[in-house]
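Asker: Sending over a structure as structure tokens; questions will come in a sec.
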Amino acid sequence: AIDKWARVDNSGYASLDDVTQLPPPHRDSVEGFFVAETLKYLYLLFSDHDPVSLSDYVFNTEAHPLPVFSW
């Protein structure tokens, strides 16, 4: 759905202005969290390998890996 509706030809991605219209019109902007968080989580979910050990790291809400501490 992201590639189908939010992708802009040869430019990356854009925010959608009205999702009730088909095709939805694009805005001339994209939220910063889209790349910083959404694409990072999608990469981690669908990557063929495990780039980060989930036994050693936990992700905060902004998708930053933080080391797991043992007490």
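Asker: Whose amide H sits under 5 Å from the amide H of Leu16, counting only residues 5 or more places off or on another chain, with H placed in the peptide plane?
Answerer: Arg27
Asker: Mind ordering 35-47, 59-71 by average Cβ neighbours within 10 Å, highest first?
Answerer: 35-47, 59-71
Asker: First compute the accessible area of the chain with a 1.4 Å probe, then give the percent of it belonging to carbon and sulfur atoms.
Answerer: 56 percent
Asker: Quick one: which residues, 5+ away or cross-chain, put their amide H under 5 Å from the amide H of Val58? H built at 1.01 Å from N.
Answerer: Leu66, Val68
Asker: Run the numbers for Phe59 and Leu44: contour at 0.36 nm per residue of separation, minus the present Cα-Cα distance, in nm.
Answerer: The Phe59-Leu44 span can extend by a further 4.3 nm.
Asker: Over region 25-65, average the accessible area per residue using a 1.4 Å probe and give it in Å², no decimals.
Answerer: For region 25-65, the solvent-accessible area averages 80 Å² per residue.
Asker: When the dipole is taken about the Cα centre of region 1-52, and only Lys, Arg (+1) and Asp, Glu (-1) are charged at their Cβ, what size is it in debye, to the nearest 20?
Answerer: Roughly 40 debye, rounded to the nearest 20.
Asker: HN-Hα J couplings of region 12-18 from phi, Karplus 6.51/-1.76/1.60, θ = phi - 60°, integer Hz, Gly and Pro as x?
Answerer: 3J(HN,Hα) across region 12-18, in whole Hz: x, 10, 9, 6, 9, 7, 8.
The values are calculated or read from the model by the stated rules, or taken from the named source; none is laboratory data. These numbers come from a predicted model, not from an experiment. Cβ: placed from backbone, ideal geometry, glycine included. Neighbour counts: every protein chain shown. The area values use the complete protein model at the heavy-atom level, side chains included, leaving out ligands, DNA and RNA. Shrake-Rupley method; radii C 1.70, N 1.55, O 1.52, S 1.80 Å.
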